């Protein structure tokens, strides 16, 4: 199957730490901007096919460990964001598409590029 290059729109239309959903024929894609970097994924959760790109974008929660190995508590990451599927809460790393609990599962990435300020997708 040959991918088709499709125009999405201006890069400024995608909010930082946000998503724009794009329907291209039978395919729906979520285009995310995280720390200025664009990532795009099919809007289909690896769990049961839910609309993952319509889920909530949340910071990764990490346990802070002290010098003696003791827990200092849980804190929200300042650099890592996840998307939580609205159907069953499966969470995926927005930069890699990997499920945060089981790296065997991941979102299906769609190649994304920017030319002269316009975002393009290579849609399967």
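With contacts taken as Cα pairs under 8 Å at a separation of at least 6 residues, the chain carries a relative contact order of 29 percent.
Each label point was placed 7 Å from the Cα along the Cα-to-Cβ direction; for residue 37 and residue 78 their separation is 1.8 nm.
For a quick check: sort 63, 98 by the number of other beta carbons within 10 angstrom, fewest at the front. Let's see the in-between values first.
Working: 63 9, 98 18.
Ranked by crowding around the Cβ, least crowded first: 63, 98.
On the beta carbon distance between residue 28 and residue 70, with R0 = 35 Å, the FRET formula returns roughly 0.15.
Can you sort 102, 93 so the residue with the fewest Cβ neighbours within 10 Å comes first? Write down the numbers at each step before the final one.
Numbers: 102 10, 93 19.
Least crowded to most crowded, the residues run 102, 93.
Comparing 68, 55, 89 in a Gaussian network model of the chain, where Cα atoms under 10 Å apart are tied by springs, the biggest mean-square fluctuation is seen for 68. What base-10 log of the normalised intensity I(q)/I(0) is obtained for the range 1-100 from the Debye formula, alpha carbons as equal point scatterers, at q = 0.13 Å⁻¹? Summing over Cα pairs of the range 1-100 leads to -0.52.
Just checking the listed ones, 67, 15, 111: in the Gaussian network model of the chain with Cα springs under 10 Å, the one fluctuating most is 67.
Could you list 74, 119, 20 in order of exposure, starting from the residue whose Cβ has the fewest other Cβ atoms within 10 Å?
Values: 74 9, 119 23, 20 17.
In increasing order of surrounding Cβ atoms, one gets 74, 20, 119.
Gain on full extension, evaluated as 0.36 nm per residue between residue 54 and residue 118 minus their Cα-Cα distance, stands at 20.8 nm. A Gaussian network model of the chain, with springs between Cα atoms under 10 Å, assigns the largest mean-square fluctuation among 101, 40, 109 to 101. Could you tell me the center-to-center distance, by alpha carbons, between the range 77-94 and the range 95-124 in angstrom? If you average the Cα positions of each part, the centres end up 14 Å apart.
Every number in this text was worked out from the coordinates using simple rules, so none of it is lab data. Computed from a predicted structure; not experimentally measured. For neighbour counting, all protein chains shown are included, and Cβ atoms are generated from backbone atoms with ideal geometry for every residue, glycine included.
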